[in-house]
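Here the structure is laid out as structure tokens; the discussion comes afterwards.
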Amino acid sequence: MKCPACRVPMYVAEYQQIELDLCGRCDGVWFDGGELALLLGDEPPLDGTEAAPDEATRSCPLCDKPMAKVNIGPGRRVVVDQCPQRCGLWFDGPELAELTTDLETAGWCLSAKVRGFLRGDVPGERWQVMALLMVPLLVLLGLAAVLAMWGIGVYNGLVAARNRVKESWAQVDVQLKRRFDLIPNLMETVKGYMQHERGTLEAVTQARAAVSGAGSTGQRIEAEAGLSAALGRLFAVAEAYPDLKASANFASLQEELASTENKIGFARQFYNETVMNLNNRVQMFPGNLIAGMFHFGAETFFEVKDEVQREAPKVSFN
């Protein structure tokens, strides 16, 4: 229900078990039917008489008909707006105080609670305000809280997924570093037997250097794939050197590399699973909205891209 004076929604206030409509802007009060009589109890009747017409015609907030100005109170000095259909009375803020003064001047003894309400100061009273505007506001706040909780949950899930990717990559990195450290010993062992395979040996050396110079995870994965391919070619060429295959040192390195490659394979599989989980969260709607806001990006899979790399390094000569 809108205020007849300023046309803004009024709120409902409960006072002494009587519901009243109040305007928060102009401090006016709307009394439906007998609400004013219920408030005053055994206080004086407030029948009104028609007052002089006023230029500011207001409409009834219930039936929307123009209200008439009436004089009420013992001295008929308080002018208020009354609905012609007897829906109720509209009091501007000062009019309530005038009514109190008029009643007390006429000798009526108002209770302290009634006097305090009519004058607009109700110390110690509990008002239960149910503002009409508060309902949509509370709904919006509730939706905002739900969205915030959802956003926090999605963000925390993205952080956890990203941390799992980092952890799994660390496990891969341990095994890759172990293989990286075995290569110098391998090169020292084979170069005495493979003096005519300079190109193959240089390819391994260059691939190892590329691993050292890799910056991002994607570059590192690409460099490691190149190193695997170079090692595969080296072991393929070594098939033609029986003396090298009979070397105890080479056999020991062969066994260590085989074990390391197996561990790299298991660690790579776990890493790719965590990358898939993160990438799904980053790319699928609606999680991609949060991922974009906080700059979460998809990670690179550690995969073998060609058949040579898929078979490398082959370290068994049996």
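Data for the structure
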{"quantity": "Residue match in the stretch 259-267 (condition: open to solvent by 10 Å² or more (accessible area, probe 1.4 Å), without any contact (Cβ under 8 Å) to a residue 12 or more places away in the chain, within 29 Å of A161 (Cα to Cα) and not small (G, A, S))", "calculated": "yes"}
{"quantity": "Selection status of A238, at pLDDT 90 or above and among the aliphatic types (A, V, I, L, M)", "calculated": "no"}
{"quantity": "Per-region count, the stretch 231-258, residues in a loop (DSSP other than H, G, I, E, B), open to solvent by 70 Å² or more (accessible area, probe 1.4 Å) and not small (G, A, S)", "calculated": "1"}
{"quantity": "S228 assigned to a helix (DSSP H, G or I) and either open to solvent by 30 Å² or more (accessible area, probe 1.4 Å) or modelled with pLDDT of 90 or more (or both)", "calculated": "no"}
{"quantity": "Of residues in the stretch 274-285 being free of Cβ contacts under 8 Å to residues at least 60 places away in the same chain and not polar (S, T, N, Q), the one surrounded by the most Cβ atoms within 10 Å (Cβ to Cβ)", "calculated": "M276"}
{"quantity": "Residue, farthest from E273 (Cα to Cα), within the stretch 132-173, restricted to residues that are touching a residue at least 40 places away in the same chain (Cβ under 8 Å), part of a helix (DSSP H, G or I) and among the aliphatic types (A, V, I, L, M)", "calculated": "M134"}
{"quantity": "Yes/no for A145 being surrounded by fewer than 17 Cβ atoms within 10 Å (Cβ to Cβ), farther than 27 Å from L227 by Cα and of a type outside the set (F, W, Y)", "calculated": "yes"}
{"quantity": "Neighbours by Cβ (under 7 Å, 6+ apart or cross-chain): first from the stretch 1-30, under 20 Å from A68 (Cα atoms) and outside any strand (DSSP E or B); second among the polar types (S, T, N, Q) and modelled with pLDDT of 70 or more", "calculated": "P4/S59"}
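The values are calculated or read from the model by the stated rules, or taken from the named source; none is laboratory data. Only a predicted model underlies this, so the values are computations on that prediction, with no experimental measurement involved. All Cβ positions, even for glycine, are placed from backbone atoms using ideal geometry, and neighbour counts span all protein chains on display. SASA here: full protein model, heavy atoms, side chains in, ligands and nucleic acids out. Shrake-Rupley method; radii C 1.70, N 1.55, O 1.52, S 1.80 Å.
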